[in-house]
Amino acid sequence: MNILRIEALRTTTRIGVHDWEQGINQVLLLDIDIPLSTEKLEQAHDEIENMLDYDALCQHVTKLVESSTFKLIETVALRVISSIQSNFGVQAITVRVSKPHAIANASNISITMSRT
């Protein structure tokens, strides 16, 4: 299987269920996995127009997350999945949203969601 993987895409947004969290920007890290068919890769002929433009995708996701507010990381994952599927024609996708240091004695809290 061929997978386009974007790791630790750093975004900031207002996120959290507590009032004080909505008053500050917090870092979210996004990991995005998108399967690519061997046929599509072989037909790309080394031309970006024939492939998924991961720079455009990263800019799109960053703008989406940073221009919104959220209570839950689950909502972030769902919106990112929906937006990528709608705007980039992606059928299958896995998104992991991490909120580092959300809990004092945990280095990270994350949710991973997949859609096909």
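Quickly run through the stretch 9-44 and pick out the residues that are surrounded by fewer than 16 Cβ atoms within 10 Å (Cβ to Cβ), farther than 24 Å from ALA56 by Cβ, touching a residue at least 12 places away in the same chain (Cβ under 8 Å) and not polar (S, T, N, Q).
Once the filter is applied, which keeps residues that are surrounded by fewer than 16 Cβ atoms within 10 Å (Cβ to Cβ), farther than 24 Å from ALA56 by Cβ, touching a residue at least 12 places away in the same chain (Cβ under 8 Å) and not polar (S, T, N, Q), the stretch 9-44 yields ARG14, VAL17.
Applying the selection to the stretch 57-79, what residues are free of Cβ contacts under 8 Å to residues at least 12 places away in the same chain, polar (S, T, N, Q), open to solvent by 50 Å² or more (accessible area, probe 1.4 Å) and under 15 Å from ARG14 (Cα atoms)?
Scanning the stretch 57-79 gives a single hit, SER67.
Yes or no, residue by residue, for (1) of a type in the set (A, V, I, L, M); (2) within 26 Å of ASN25 (Cα to Cα); (3) in contact with a Lys or Arg (Cβ under 6 Å, 6 or more places away or on another chain); (4) assigned to a strand (DSSP E or B):
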{"residue": "LEU64", "(1), (2), (3), (4)": "yes, yes, no, no"}
{"residue": "GLU74", "(1), (2), (3), (4)": "no, yes, no, no"}
{"residue": "VAL80", "(1), (2), (3), (4)": "yes, yes, no, no"}
{"residue": "ARG96", "(1), (2), (3), (4)": "no, yes, no, yes"}
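Within the set of pairs 6 or more residues apart or between chains, which connect a residue that is touching a residue at least 24 places away in the same chain (Cβ under 8 Å) inside the stretch 80-96 to a residue that is surrounded by 18 or more Cβ atoms within 10 Å (Cβ to Cβ) and among the hydroxyl-bearing types (Ser, Thr, Tyr) with Cβ atoms less than 9 Å apart?
Correct list of pairs: ILE81/THR94.
For the stretch 86-107, enumerate the residues that are open to solvent by less than 50 Å² (accessible area, probe 1.4 Å), farther than 17 Å from PRO35 by Cβ and of a type outside the set (Ser, Thr, Tyr).
VAL97, LYS99, PRO100, ALA102, ALA106
Report whether or not SER83 is out of contact with any strand residue (DSSP E or B) (no Cβ under 7 Å at 6 or more places or on another chain) and either modelled with pLDDT of 95 or more or open to solvent by less than 80 Å² (accessible area, probe 1.4 Å) (or both).
yes
The values are calculated or read from the model by the stated rules, or taken from the named source; none is laboratory data. This is a predicted model, so every value here is computed, not measured. A quick note on method: Cβ atoms are made from the backbone with ideal geometry, for glycine too, and the neighbour counts reach across all protein chains shown. Surface accessibility is based on the protein's heavy atoms, side chains included, excluding ligands, DNA and RNA. Shrake-Rupley method; radii C 1.70, N 1.55, O 1.52, S 1.80 Å.
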